[in-house]
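These notes are about the structure you will find just below.
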Amino acid sequence: MNKHTRIVYEKAVSLLFPRRCPYCDEVLRPGLYYHESCRNKADYADNYSTCIQCGRPLFYSDDEYCRVCKGKDFYFDKGYSLYVYKAVSPGIYRLKYAGRREYADVYAMDMVRCLGERIDSLDADLIVPVPLHARRMRTRGYNQAALLGRALSKRTGIACSEALARRVRNTAPQKLLTAAGRRRNLSGAFKLSGNDVKLKKIIIIDDIYTTGATVNELAKELKKAGASKVYVITLAIGSI
Ligand SMILES: [Zn+2]
Ligand SMILES: [Zn+2]
């Protein structure tokens, strides 16, 4: 496609499928990816003192761990999150269930803007998005974590592997379960294919962090397969 054709093509696409702001869902003027005023209202986890394990804003800023992590062992080394869940939850819902795939790149852009230095300092070899079970993938059509992983990979240059981890059990939705139930529900949920994680530093990426049970189960498999470090980056984390 030559330059002129590409411009015409992009104009036609933007008329047919106009980009929407990931924060308010209004149609954007061509060339815009979000409204500056909307993004300024986003609530960033980094604005708070956060849990040294999962990156959740702390209720008491002098604590080291949040109430969910306190006294528990985790397989992942450390978690970071971009937003506090509540203020961005409608956008994440639309990314997940309403086909707003274009949001993923804008969110990844904001991740790099806010967490970029930290991501660089992790010196990671690989991004692994939390996989969906094949059945859920068929009904939803795409995996929002993979969209985020791909977009983050494009912007950081860290390779992203969607084929490495598979979800072998179609687990019950986590939101319906208690914390202990969540851990039981996920036991054995993931399988890795191949063994190219040995001694690698890996970033697991997902959309929402609640108790961390899902990412921890995947981290367990990665550590068992020899990963040297496993970090978790999520788009949003629930405050408690
Ligand atoms: Zn907006
Ligand atoms: Zn925590």
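The values are calculated or read from the model by the stated rules, or taken from the named source; none is laboratory data. Everything numeric here is computed off the predicted structure, so don't read it as measured data. Note: ideal-geometry Cβ built from the backbone for every residue, glycine included; neighbour counts use all protein chains shown. Remember, those area values only see protein heavy atoms, side chains included, never the ligands or the DNA or RNA. Shrake-Rupley method; radii C 1.70, N 1.55, O 1.52, S 1.80 Å.
Within the range 28-37, the residues that satisfy the criterion of being part of a loop (DSSP other than H, G, I, E, B) and either more than 10 Å from ligand 1 (Cβ to nearest atom) or not aliphatic (A, V, I, L, M) (or both) are Arg29, Pro30, Gly31, Tyr33, Tyr34, His35. Just one of the listed residues (Asp73, Asp77, Asp25) is more than 30 Å from Lys201 (Cα to Cα) and either more than 16 Å from ligand 1 (Cβ to nearest atom) or touching a Lys or Arg at 6+ places or on another chain (Cβ under 7 Å) (or both), and it is Asp25. Identification of helices (runs of 4 or more DSSP H) wholly contained in the range 125-217 with 2 or more residues that are over 14 Å from the mean Cα position of the chain (by Cα) and under 21 Å from Cys54 (Cβ atoms) yields 179-186. Across the range 219-240, the qualifying residues are those that are over 19 Å from Leu152 (Cα atoms) and touching a helix residue (DSSP H, G or I) at 6+ places or on another chain (Cβ under 9 Å), and the one among them that is modelled with the lowest pLDDT is Ser239. Looking at the range 38-69, which of its residues are of a type in the set (Ser, Thr, Tyr) and either outside any loop (DSSP other than H, G, I, E, B) or more than 9 Å from ligand 2 (Cβ to nearest atom) (or both)? Within the range 38-69, Tyr44, Tyr48, Ser49, Thr50, Tyr60, Ser61 qualify. Please determine whether any residue of the range 93-106 is without any contact (Cβ under 8 Å) to a residue 40 or more places away in the chain, out of contact with any strand residue (DSSP E or B) (no Cβ under 6 Å at 6 or more places or on another chain) and open to solvent by 10 Å² or more (accessible area, probe 1.4 Å). There is at least one residue in the range 93-106 that is without any contact (Cβ under 8 Å) to a residue 40 or more places away in the chain, out of contact with any strand residue (DSSP E or B) (no Cβ under 6 Å at 6 or more places or on another chain) and open to solvent by 10 Å² or more (accessible area, probe 1.4 Å). Test Arg166 against the criterion of being under 29 Å from Arg118 (Cα atoms), basic (Lys, Arg), touching a residue at least 40 places away in the same chain (Cβ under 8 Å) and open to solvent by 40 Å² or more (accessible area, probe 1.4 Å), and give yes or no. No; evaluated as a whole, the condition is false for this residue. Of everything in the range 70-101, what is assigned to a loop (DSSP other than H, G, I, E, B) and more than 16 Å from ligand 2 (Cβ to nearest atom)? Give them in sequence order. Those that are assigned to a loop (DSSP other than H, G, I, E, B) and more than 16 Å from ligand 2 (Cβ to nearest atom): Ala98, Gly99, Arg100, Arg101.
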